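Heads up: the structure comes next, in structure tokens.
The values are calculated or read from the model by the stated rules, or taken from the named source; none is laboratory data. Here the structure is a predicted model, which is why all the values come from computation and not from measurement. Every residue, glycine as well, gets a Cβ built from its backbone with ideal geometry; the counts of neighbours run over all protein chains shown. When the accessible area is computed, the model is the full protein with side chains, heavy atoms only, and any ligands, DNA or RNA have been set aside. Shrake-Rupley method; radii C 1.70, N 1.55, O 1.52, S 1.80 Å.
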Amino acid sequence: MALDPNTPFLSADLPEDMDVLKKALAATLSTVPGLFQPGSEQRILNLACGRADETGVLADVFGGGAGRLEIVGADIRSAEIEEASLRWKTAKDSDIQTRFHVEDGKRFLSAMSSGDRFNLTFMRHQNFWNDPALWTRMFEGGLRQLDEDGLFVITSYFDVEHDLACRKLTALGATKVADYRNVHSRELSDAPGKSIDRHIAIFRRPPPSDQGP
Ligand SMILES: C[S@@+](CC[C@H](N)C(=O)[O-])C[C@H]1O[C@@H](n2cnc3c(N)ncnc32)[C@H](O)[C@@H]1O
């Protein structure tokens, strides 16, 4: 599904980064069998989304065959969420609906009902290494809200944090179904060894019996 931004990106690198991300996500996804049913309604949860620059890419790559698409984002920073809301606001009668919440991710997830299910949980540049206790809660919540055949997708800036996050998700019972080193990711000149969307991994959620009520 095509979703164009209402306001331009301010950083000159962003359009290229989005193009690289889109190709990398499509390539990663192409290795995963049994994806969503075309024509159905899809729901995407974008956790710790910041400005959610990738919203159009998510609509395109994951909502491609959907009849209706809802993208729900949350982040603790209000200025970023305000920008996301403005940039990605859709018309009331559009087949794509977006909403962005300023909220602590743990609270946001724990307030969700068990029936509030998503086809995809996305965490771009997940930050597990920085605060394992916090991000474990976010991983648990993001996995819990997935549909039975839902996917949990992360991207990472650097190798060690990617490995740590993948290990934690596996320890939480998720199954890694794809792991992709994005060789076209843009190196960060001020942070050697880090690059934009350097790694992408896709997980399937644990069977419901492993996750408690
Ligand atoms: C590494 S940044 C990634 C942001 C965005 N996904 C991206 O790729 O540009 C981590 C994000 O986590 C958010 N964050 C930190 N603690 C949070 C919390 N408790 N609940 C929700 N978001 C949080 C930050 O505000 C920040 O936007």
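Regarding SER40, is this residue more than 21 Å from PHE139 (Cα to Cα) and at pLDDT below 95?
Details: more than 21 Å from PHE139 (Cα to Cα): yes; at pLDDT below 95: yes.
Against the criterion (more than 21 Å from PHE139 (Cα to Cα) and at pLDDT below 95), SER40 qualifies.
Report, by residue number, each residue of segment 196-210 that is surrounded by 14 or more Cβ atoms within 10 Å (Cβ to Cβ) and more than 17 Å from the chain's Cα centre (by Cα).
Within segment 196-210, the first condition is being surrounded by 14 or more Cβ atoms within 10 Å (Cβ to Cβ), and the residues that meet it are 196-206.
PRO206 - this is the single residue of segment 196-210 that is surrounded by 14 or more Cβ atoms within 10 Å (Cβ to Cβ) and more than 17 Å from the chain's Cα centre (by Cα).
Please find, among SER189, SER195, the residue that is of a type in the set (Gly, Ala, Ser), touching an Asp or Glu at 6+ places or on another chain (Cβ under 7 Å), under 20 Å from LEU14 (Cβ atoms) and without any contact (Cβ under 8 Å) to a residue 60 or more places away in the chain.
Working: SER189 fails: touching an Asp or Glu at 6+ places or on another chain (Cβ under 7 Å).
Step by step, each of SER189, SER195 is checked, and only SER195 is of a type in the set (Gly, Ala, Ser), touching an Asp or Glu at 6+ places or on another chain (Cβ under 7 Å), under 20 Å from LEU14 (Cβ atoms) and without any contact (Cβ under 8 Å) to a residue 60 or more places away in the chain.
Within segment 56-94, how many residues turn out to be assigned to a helix (DSSP H, G or I) and away from the ligand (no atom under 11 Å from the Cβ)?
Keep residues of segment 56-94 that are assigned to a helix (DSSP H, G or I), which gives 56-62, 78-88.
Okay, now just the ones that are also away from the ligand (no atom under 11 Å from the Cβ), so 56-62, 82-83, 85-88.
Within segment 56-94, residues that are assigned to a helix (DSSP H, G or I) and away from the ligand (no atom under 11 Å from the Cβ) number 13.
Here are ASN6, ASN46: which of them is among the polar types (S, T, N, Q), more than 15 Å from the ligand (Cβ to nearest atom) and either outside any helix (DSSP H, G or I) or under 18 Å from the mean Cα position of the chain (by Cα) (or both)?
After applying the criteria, what remains is ASN6.
Among the residues of segment 168-185, which ones are outside any strand (DSSP E or B), within 15 Å of THR28 (Cβ to Cβ) and open to solvent by 70 Å² or more (accessible area, probe 1.4 Å)?
Answer for segment 168-185, where residues must be outside any strand (DSSP E or B), within 15 Å of THR28 (Cβ to Cβ) and open to solvent by 70 Å² or more (accessible area, probe 1.4 Å): VAL183, HIS184.
Considering every residue within segment 61-69, establish whether at least one is out of contact with any Asp or Glu (no Cβ under 6 Å at 6 or more places or on another chain), under 19 Å from GLU82 (Cβ atoms) and β-branched (Val, Ile, Thr).
no
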